[in-house]
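Below is one structure; the comments refer to it alone.
The values are calculated or read from the model by the stated rules, or taken from the named source; none is laboratory data. Just so we're clear, the structure is a prediction, and the values are computed from it rather than from any experiment. Please note: Cβ atoms are built from the backbone with ideal geometry, for glycine as well, and neighbour counts cover all protein chains shown.
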Amino acid sequence: MKKESKQAPSQGPTQRQLRVGEQLRHVIVSTLQRGHFHDEYLILNAAMVTVSEVKVAADMKNATAYTVRLGGGDTKEMLESLNANADIFQRDIGHEIRMKFTPKIRFVEDNSFENAIKIDSILHNLPKAKEQQGE
């Protein structure tokens with residue numbers, strides 16, 4: 001008989017993935033707060049970076065950090081700087097968290113706030129559309 005895996009692909013992350021993701025997020029944020037970078041952009045703008053979530057792959061070897069730039073603006077330069085300095089974050093993670101493998105971090109833009117605003121706008125406009133059809 002074939003053993004069934006504990007997690008089906010359609011299910012969400014495991015408790016361990018969620019816990020490790022939150023630990024990674026804390027280390028990344030503390031690294032940003034300390035500001036020991038050689039990158040001029042991060043030296044000047046690290047305080048403007050918000051890490052909203054870190055998702056860890058099932059094998060714990062890769063992680064995606066979802067980031068937002070406070071005050072809006074162009075996030076392209078921010079993401080380039082963060083990804084160029086990912087080794088600094090990875091080193092700090094290796095020192096702070098005891099794991100078999102230190103996950104490779106990749107920074108991406110978090111669009112969840114923009115998506116929530118769009119959904120909220122759509123939901124607020126629904127009653128207006130119904131009132132217009134009823135007249």
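Of all residues in the stretch 62-81, those being out of contact with any Phe, Trp or Tyr (no Cβ under 9 Å at 6 or more places or on another chain), of a type in the set (D, E, K, R) and in contact (Cβ under 8 Å) with a residue 12 or more places away in the chain number 1.
Being assigned to a loop (DSSP other than H, G, I, E, B), basic (Lys, Arg) and in contact (Cβ under 8 Å) with a residue 40 or more places away in the chain is the filter here; which residues of the stretch 82-106 pass it?
As a first pass, look at the stretch 82-106 and keep what is assigned to a loop (DSSP other than H, G, I, E, B): 85, 97-103.
Filter once more, so that each one left must be basic (Lys, Arg): 98, 100.
Residue satisfying the conditions is 100 alone.
Note on the stretch 32-81: residues that are in a strand (DSSP E or B) and not polar (S, T, N, Q) amount to 11.
The residue that is modelled with the lowest pLDDT, counting only those in the stretch 91-111 that are β-branched (Val, Ile, Thr) and exposed (fewer than 15 other Cβ atoms within 10 Å of the Cβ), is 97.
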